[in-house]
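Report on the structure given below.
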Amino acid sequence: MIGEEIIDTFASLGDIGMIIALVAIILIDGTGFPTLPEVWMVWIFGVHFDSVGWAVTLIVVASLASLGGNFILYTIVKVVGMPKRIAKVMRRYTDFLIVSDERLLLLNRIAPLVPYTGAFMAVCNWNLRKCVLYLITGALMKSTAVILLAWLSYDNLRQDIAPWIALVAVIVVLLASVIASFIYRRRVGLGGGISRSQS
């Protein structure tokens, strides 16, 4: 897995290497290549699971990296452009959702209704200040939740079992989010509504 390869690459640098690895994993994920950053965040947290400073550092670093990843993709789309047909589909897609403006970035942290959020920011011409606010707020909330789940596991279970319990908890939360977004899409007819309207 790409996350494991990145961690192995920087592991020799110690704590700084772990932070660099986390940033790289999240930046890659934010630009459109899924790397399961929450899973690797749990493993990296385990390096110093009894340190509040380490936990806070990872939460802040992960949140800023998430913001960076989205804006890298945003910049790419703004510079390179997006085919008009795809851009039109993206805009019509957001119109079907419960919210269709910058607030969708915050909702997306709970239920991943929109992939490639940086691209949607560019195509939909969302307000950048609002985007930053919702992205950083959502990232802080999600990163904190991941670290709390990991901390509870490490703090209450044997160290060799705790990472697996934390990972299972994180995976359950991620799956619940994906299922919630799938159910929502089906209920509002997103399964094929956009493509049918194009024909």
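The values are calculated or read from the model by the stated rules, or taken from the named source; none is laboratory data. What you are looking at is a predicted structure, and each value in this text was computed from that prediction instead of being measured. As a convention, Cβ positions derive from the backbone with ideal geometry for all residues, glycine included, and neighbour counts pool all protein chains shown.
Brief remarks on what is shown
- Unique residue being within 19 Å of Trp126 (Cα to Cα) and either among the hydroxyl-bearing types (Ser, Thr, Tyr) or surrounded by 15 or more Cβ atoms within 10 Å (Cβ to Cβ) (or both) when the list is Thr57, Thr94: Thr94
- Selected residue (only one of Val99, Val80 is over 13 Å from Trp126 (Cβ atoms), β-branched (Val, Ile, Thr) and surrounded by fewer than 19 Cβ atoms within 10 Å (Cβ to Cβ)): Val80
- Criterion: more than 17 Å from Lys142 (Cβ to Cβ), of a type in the set (A, V, I, L, M, F, W, C) and either in contact with a Lys or Arg (Cβ under 9 Å, 6 or more places away or on another chain) or crowded, with 17+ Cβ neighbours inside 10 Å (or both) - qualifying residue of Ile19, Ile44, Ile26: Ile19
- For segment 119-129, the count of residues that are of a type in the set (D, E, K, R) and either touching a strand residue (DSSP E or B) at 6+ places or on another chain (Cβ under 7 Å) or touching a residue at least 24 places away in the same chain (Cβ under 8 Å) (or both) is zero.
- Restricting the search to helices (runs of 4 or more DSSP H) fully inside segment 92-199 and requiring at least 3 residues that are modelled with pLDDT of 60 or more gives 104-110, 117-123, 128-156, 162-187.
- Scope segment 11-53; condition in a helix (DSSP H, G or I), of a type outside the set (Val, Ile, Thr), farther than 24 Å from Phe71 by Cα and touching a residue at least 12 places away in the same chain (Cβ under 8 Å); matching residues: Asp15, Trp43, Phe45, Gly46, His48
- Odd one out for Ser63, checked against (1) surrounded by fewer than 19 Cβ atoms within 10 Å (Cβ to Cβ); (2) of a type in the set (Ser, Thr, Tyr); (3) in a helix (DSSP H, G or I); (4) touching a Ser or Thr at 6+ places or on another chain (Cβ under 8 Å): (1)
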